[in-house]
Amino acid sequence: MAAAAASRCLACFMDPEAAKCSITISSRQTINFSHHHRSHLCSLSMNGCQGDPHLPLGTIETRSFPAIPSPSLALDRLNSAISELKANPPSSTSGIIRLQVPIQQQIEAIDWLYAQHQFLPRCYFSGRGQISNSSDLSIDCTNGNDQIQLKHNLVSVAGVGSAVFFQDLHPFSYRHWKSLKRFLSTQCPLIRTYGAIRFDARANISSEWEAFGYFYFMVPQVEFDELEEGSMLAATVAWDNALSWNLGHAIDALKATLSQISSVVLKQRRQVPWTPMLSNNHIPSKTYWNLAVNRALQKIRSNSALIKVVLARSSTVITPTDIDPIAWLACLQVEGENAYQFCLQPPNAPAFIGNTPEQLFHRKWLGITSEALAGTRARGESMPEDLQIELELLSSPKDHLEFTIVRESIRRKLEANSTRTYTILVLQNVCNSVLVEPKKAIRKLPRVQHLYAKLAGRLRSEEDEFDILSSLHPSPAVCGFPTEEARVLIAETEVFDRGMYAGPVGWFGGGESEFAVGIRSALVEKGLGAMIFAGTGVVEGSNASLEWDELELKISQFTKLLKLEVPLEIKS
């Protein structure tokens, strides 16, 4: 049941009991959770956020081994390394250890994930071109015996199982962030936690999103890393005796996961399948969409402070056969230029997948970047037509207004004062200065093009990362401006739960983190088809019918999978 997964508390380790509706503390005590009492914090020995987030782990370590030719040999080496770890365990009462084996061939991470046959939980994240363009990762392939290292850029990551996961039925807070960061270190840059946060923490959770909670993050037990010139298979074990999860239990759970891992990787055919639809239901319908947009325009034209609001639509498609979310995601990669691809699927949950062009932020040490993206047009069928559409977008007063609202809001948020109150009050500018370059340009995607600008700044402290996340989300590109007025109108207008749609999707690392905005996305559930989400900004000058057409354009990368359509040419 999806409700069972939602009742689990945050930071539960991969215990076999964790898949049940209750969490066993010991052999004599079991505590059950009721979904009718979400206002009560759960307090468990296995709940990392209820422990002391300031207490560091005793061990945080990455162990690298020599590169080998194939995934099957890498899997054998990991099993041997885990046996060695169990025979000679560290003395620490808490820790996290990553074991990694480079592979001397490049294998796409999504193909590896497809071969794992619905193993849950699972995650996937692929950056635009490569994860963290500026990141050079030094991979020690000699286990410390000499100084030879390989340097590769990480392209994409796929993971199954959870060495530790973080979830709660309360909004993502600074305390949650500190508990999560406890398992991360600048000395182990590839130990990362992947996940997503709800668009609106104040909105009630609908049944299809229950298993995600208000946020869900996981450090994969088994991870496959696609590199620019190779691959890597890794296993991670985490333990904390104070949380009733010792190293022996963690190793046994990891071995159980590894026993189910397939070492056979077959490259998927990136052909677009034809899947007929039994039904396609839009919420809201075209009639109610027109009413909602016109109501928003009346509010904008009144004396209210509202300048922009982003209204969204959920399209539920029912198909006669199950949709494989990983196969869908592989097809979306055809459209992946200048976009992030992601998949997040907790246990007993649908898969949240997407192909989003929008970066929320990227932090590398103290450097931080974000992007303003607004205004949408289709691509032209010829180069002259495409250029004409681009010029129309650049010169459109309505789109310029929408874009300027987004860009200037992000700039102000990066420059804003931090007023976090956790242990002490901090009052300072988050960034010393913010550079916007270019002021306005065009970002072209295979089906659409947008107005675009990049913003860059320098944090005063890495502790400001949480403030950046909480300040930048939700941006005017997915909510509106001013934020609170737009959020209230969205809550009053939309009759479906956005869930993680339009929320932050990405990863936290020791010295680096990166989040996209979870737009151009869908929720795919076995036996129930898919819910496809899209939104559009409403400002003075908007037209309800044209905004509906924009929704259709934005979801076309999904609807191409549900009808006969000539696929885009796929690069080999």
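For the stretch 204-360, report the accessible area per residue in Å² (1.4 Å probe, heavy atoms, rounded to an integer).
On a per-residue basis, the stretch 204-360 sits at 36 Å².
What percentage of the solvent-accessible surface of the stretch 239-340, computed with a 1.4 Å probe over protein heavy atoms, is contributed by carbon and sulfur atoms?
53
Check which residues have an amide H placed less than 5 Å from THR62's amide H, if you skip close sequence neighbours.
Residues meeting the amide H criterion: ARG98.
Could you provide, to the nearest whole Å², the per residue accessible area of the stretch 474-568 with probe 1.4 Å?
In whole numbers, the stretch 474-568 has 29 Å² accessible per residue.
When the accessible area of the stretch 433-497 is computed with all protein chains present and a 1.4 Å probe, what percentage of it is carbon and sulfur?
In the stretch 433-497, the share of accessible area belonging to carbon and sulfur is 54 percent.
Could you grab the Rg to Rh ratio for the stretch 460-536? Cα atoms only, Kirkwood for Rh.
Expressed as Rg/Rh, it is 1.04.
Quickly rank 365-377, 239-251 as a protection proxy: mean count of other C-beta atoms within 10 Å, highest first.
365-377, 239-251
Please give the net charge around VAL524, taking every other residue with its beta carbon less than 12 angstrom from that of VAL524, where Lys and Arg add +1 and Asp and Glu add -1.
Summing Lys and Arg as +1 and Asp and Glu as -1 gives -3.
Net charge within 12 Å of VAL436 by Cβ-Cβ distance, Lys/Arg positive one each and Asp/Glu negative one each, not counting VAL436 itself?
After counting each charged neighbour, the total is +2.
Once you list every other residue whose beta carbon is under 12 Å from the beta carbon of PHE361, what net charge do they have if Lys and Arg are +1 and Asp and Glu are -1?
-3
Peptides 229-238, 284-293, 117-126: what's the order by average Cβ count within 10 Å, highest mean first?
The packing order, highest mean first, is 229-238, 117-126, 284-293.
Over all distinct alpha-carbon pairs, what is the Kirkwood Rh of the stretch 150-189 in angstrom?
So the Kirkwood estimate lands at 13.0 Å.
Packing-wise, with mean Cβ within 10 Å as the measure, how do 66-76, 462-472 rank, highest first?
462-472, 66-76
Per the 1.4 Å probe, what fraction of the accessible area of the stretch 370-415, in percent, lies on carbon and sulfur atoms?
On the stretch 370-415, the fraction of accessible area on carbon and sulfur atoms equals 58 percent.
Please state, to two decimals, what the Cα-based radius of gyration of the stretch 426-500 comes to when divided by 2.2 N^0.38 Å (N = residues).
So the stretch 426-500 has a normalised radius of gyration of 1.40.
Rank THR193, THR559, THR93 by accessible area, highest first, at a 1.4 Å probe radius?
These residues rank, largest area first, as THR93, THR559, THR193.
The values are calculated or read from the model by the stated rules, or taken from the named source; none is laboratory data. If you're wondering where the values come from, they're calculated on a predicted model, not measured in any experiment. Here the Cβ is made from the backbone with ideal geometry for all residues, glycine too, and neighbour counts use every protein chain on show. Keep in mind that these areas ignore ligands, DNA and RNA; they rest on the heavy atoms of the full protein, side chains included. Shrake-Rupley method; radii C 1.70, N 1.55, O 1.52, S 1.80 Å.
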